[in-house]
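None of the figures in this text is laboratory data; all of them are computed from the coordinates on show. Small disclaimer: the values here were computed from a predicted structure and weren't measured. Here the Cβ positions follow ideal geometry from the backbone for every residue, glycine too, while neighbour counts run over all protein chains shown.
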Amino acid sequence: MGLVALILALLIEQGRPLLPGNAIHRAVEALADMVARATDAGARHHGALGWGLVAAVVVGAVVALEWLAWLVHPVVAFCLHVGVLYATIGFRQFSHPFSEIQLALAAGDVAGARTTLERWMREDDREFSAAELPVSEICRLAIARALVASHRHVLAPLFWYLLLPGAAGPVAYRLAETLSRRWGDAASAYGGFAIEAYRWIDWLPTRMSASGFAIVGSFEDAVFAWRNAIAADAGGDQRALLLAAGGGALGLRIADPQTESGLAQASERAGDPPGADPGVDALQSAVGLVWRSVVLWVALYAMLTIASWLGR
């Protein structure tokens, strides 16, 4: 059931995407804000308490609904899985700005690409400016953001759906990611705990996504870049590891500026260049890398499902 539900959810999402700011995401964010206002007293254990309350309500509701759905009929449970996957996994939740940048650069509209990139990056950094950025930097930032977004919106929730029974896995992951952004001030009790909790929940999925990039891309270059990220003391930065593996798989340099110098130095000590600067053609290569990664994990899920059927 899970495999069919996953494929159906991805197909529905391609035709009718669940856009940012939808009712489901707004409801979760409103719940997080309400809990924070009611329980935040400045201590770290209050942050843990608030995080646990939100997780208990959201994940507990999904578990209860799934239990009731199975009591009613397996078809109802199947529909619930499709709905949960549709709400938690999807390319179209992040791909629109990337596609706009790709089309603008293909048409020679560098100013339009800068405008789209600036609007996209300001979702996380309100002071970001794309003015006067060269094309290679526009492509680098767009690819880096797209690879991280594909991990958070597709690959990581897919991994937790494969790992945990039922529909709670992708919901728990997306909730942790949402709370780390909503309470994202690391200096606050809530933000510090939410960021740390998400780091733990995302630790294994990050490495699985990086491994997938290596398998479907340039394996040796991806592993080499991954090792360089660790050598540059970026092993604790999961985003840096993901970008190192993705950039190596593509043969490109797309690491963050704060870690890129360390990655470059590590590569030079090993006698190899850190990668080429991305161009317009690299945008399509990045799209292909992500799609191949998704196909890889869906195919693995299909094989596990078939093996389970044959073992009965």
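With neighbour counts taken as other beta-carbon atoms within 10 Å, the residues M303, M121 rank, fewest first, as M303, M121.
Dividing the mean sequence gap of close Cα pairs (under 8 Å, 6+ apart) by how many residues the chain holds gives a relative contact order of 19 percent.
For the options E123, E100, E29, a Gaussian network treatment of the chain with springs between C-alpha atoms closer than 10 Å singles out E123 as fluctuating the most. In units of the rule-of-thumb radius 2.2 N^0.38 Å, the chain shows an alpha carbon radius of gyration of 1.03. A Cα-only calculation for the stretch 7-134 places Rg and Dmax at 19.9, 60 Å.
Computed from the C-alpha gyration tensor, the three semi-axes of the ellipsoid equivalent to the stretch 50-103 are 31, 18, 4 Å, from longest to shortest.
Kirkwood radius and radius of gyration were both taken over the C-alpha atoms of the stretch 91-228, and their ratio Rg/Rh is 1.01.
If you build a Gaussian network model of the chain, linking Cα atoms that sit under 10 Å apart, which residue out of A168, A55, A38 swings the most? Largest GNM mean-square fluctuation: A38. Extension gain, V72 to L163, is 30.2 nm, computed as 0.36 nm per intervening residue step minus the present C-alpha separation. At 27 Å minimum axial length over the Cα atoms and a Kyte-Doolittle cut of -0.5, report the qualifying DSSP H helices in the chain, or say none. Qualifying helices: 44-72, 189-216, 280-310. Kirkwood radius, the stretch 37-77, all distinct C-alpha pairs, inverse of mean reciprocal distance: 11.9 Å. Springs join every pair of Cα atoms under 10 Å in this Gaussian network model of the chain, and among D33, D202, D125 the largest mean-square fluctuation is at D125. Note on the stretch 12-70 and the stretch 173-230: Cα centroid distance 20 Å, given to the nearest whole angstrom.
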